[in-house]
1. Quick one: accessible area per residue over segment 236-361, 1.4 Å probe, rounded to a whole number of Å²?
2. Enumerate the residues in segment 251-271 having an amide nitrogen under 13 Å from the point lying 7 Å beyond the Cα of THR313 toward its Cβ.
3. Over the chain, what relative contact order in percent results from Cα pairs under 8 Å that are six or more residues apart?
4. Over the alpha-carbon set of segment 225-371, work out the extent along each principal axis and list the three values in angstrom, largest first.
5. On average, how much area does the Cα convex hull of segment 77-129 cover when viewed from any direction, in nm²?
6. Can you work out the FRET efficiency for the pair ARG53 and LEU179, with r the C-beta to C-beta distance and R0 = 22 Å, to the nearest 0.05?
7. When DSSP beta bridges are limited to those with both residues in the chain, what percentage is antiparallel, rounded to the nearest 5?
8. Given points 7 Å out from each Cα along the Cα-Cβ axis, report the GLU344 to GLU365 separation in nanometres with one decimal.
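The values are calculated or read from the model by the stated rules, or taken from the named source; none is laboratory data. The structure displayed is predicted, hence computed values, not measured ones. Ideal geometry is used to build each Cβ from the backbone, glycine not excepted, and the neighbour counts take in all protein chains shown. SASA here: full protein model, heavy atoms, side chains in, ligands and nucleic acids out. Shrake-Rupley method; radii C 1.70, N 1.55, O 1.52, S 1.80 Å.
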Amino acid sequence: MAHRFGSSRAVVTFSSLNEHERPFGKDFLDSREITGVYFVAKWNHWWQPEGCRWGVEAAQRYLAAIRPETLMTYGASMGGFGAALHSRSLMADTVLMLAPQFTIDPAKPPSETRWRTEASRLKFLHDDLAPQVSLSARKILVYDTLTPDRAHAELFARIPGTELFRTPAAGHAIGHFLLQAGLLQNLVLRALDGSLTGQGYRALVRERRALSGNYWHQLGRSAHVRRRGFTLELYRRAAALRPNDAVILLDYGNALLRERDAGQALEVFQRAAELAPQSAAPYRGLCHAYRAMGMLDEAVGAGEQAMRLRPQTTDLQRVLVTALLAAGRLERALEVITRTVELEPGLAQNIQLRDRVLARLAAGEDVAEAP
């Protein structure tokens, strides 16, 4: 789709993963009266189907008719790949990419696996990216050096005219970081008018990154691996800035459990369950928190709910069995762990749990099920 204004500038955007209805960036571009052409993927196809070529041809005819003085292609993640892939055919002057992929085909460098399920559904008909990228365009690639996006950035860097805007601890969803820090609009406008510099960008990021909950969240994830003692405080800051972000709350709750603050963890997981009631993860956390507080009936209830949402997930089965053991509900525990062993017959942890259940049953410890 397209929306034309009287400006001499135009932006062609490509939608991101799972954004199958909303044109990427349209609200902002409309507010600035910037002509936009919008590609909206109806499924996560990484712009591989032949129909995408027909769409590009239509966009070429449209742009030739309106003749913008400046053209930028723009997208994030899957959309960033699309912005690069079609930059030459659309004769872009600038390509703005937020955490793009060079390819998601796991058989090609950098052997990406984060979207293995999506890749398994694709025929990679138009995945030879390098020859399709405009050599004359300025290519701006914004990414987090602490994520697997770094490997993709290194491949893009081999293409002349590519500038790497390194943004540590922003995460893969780097657009959210930029938006929370009040930097996204500035980035887009400066990229479009040619005034964006790496030095100016880095200064703004250093000045404003503390405003982003995503920033503190990513630091917390890194600290969990490298400097675990700082993790809880970093997650606390992230949750304070993003109190309605279930992903952040889940990491915060698990950090609280590791520090044996089950009461606070319980409140955090309850909020996460309100925000994401169809996700099993908050109920997994609730099961652990209730069990740590000695609220065993509630622990079993949370574990059962997690199982109802993800019945084939063996990790959740083990969490439930542990709660059932604590509550003395051994017949139900045996039922669940038997299924787990069938799904993962070679895992020692499953066998050990089953043996614990059988030993306690043999000792006659089972108690009546709660109503």
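1. On the way: 5960 Å² over 126 residues.
Accessible area per residue, segment 236-361: 47 Å².
2. The answer is 251, whose backbone nitrogens lie closer than 13 Å to the label point.
3. Values: 649 pairs, mean separation 30.3, N = 371.
Rounded, it is 8 percent for the chain.
4. 51, 35, 26
5. Details: hull surface 15.1 nm².
For segment 77-129, averaging the hull's shadow over all directions gives 3.8 nm².
6. Numbers: r = 32 Å, r/R0 = 1.44.
So, using R0 = 22 Å, E works out to roughly 0.10.
7. On the way: 2 of 28 bridges.
So the antiparallel bridges in the chain amount to around 5 percent.
8. 2.2 nm
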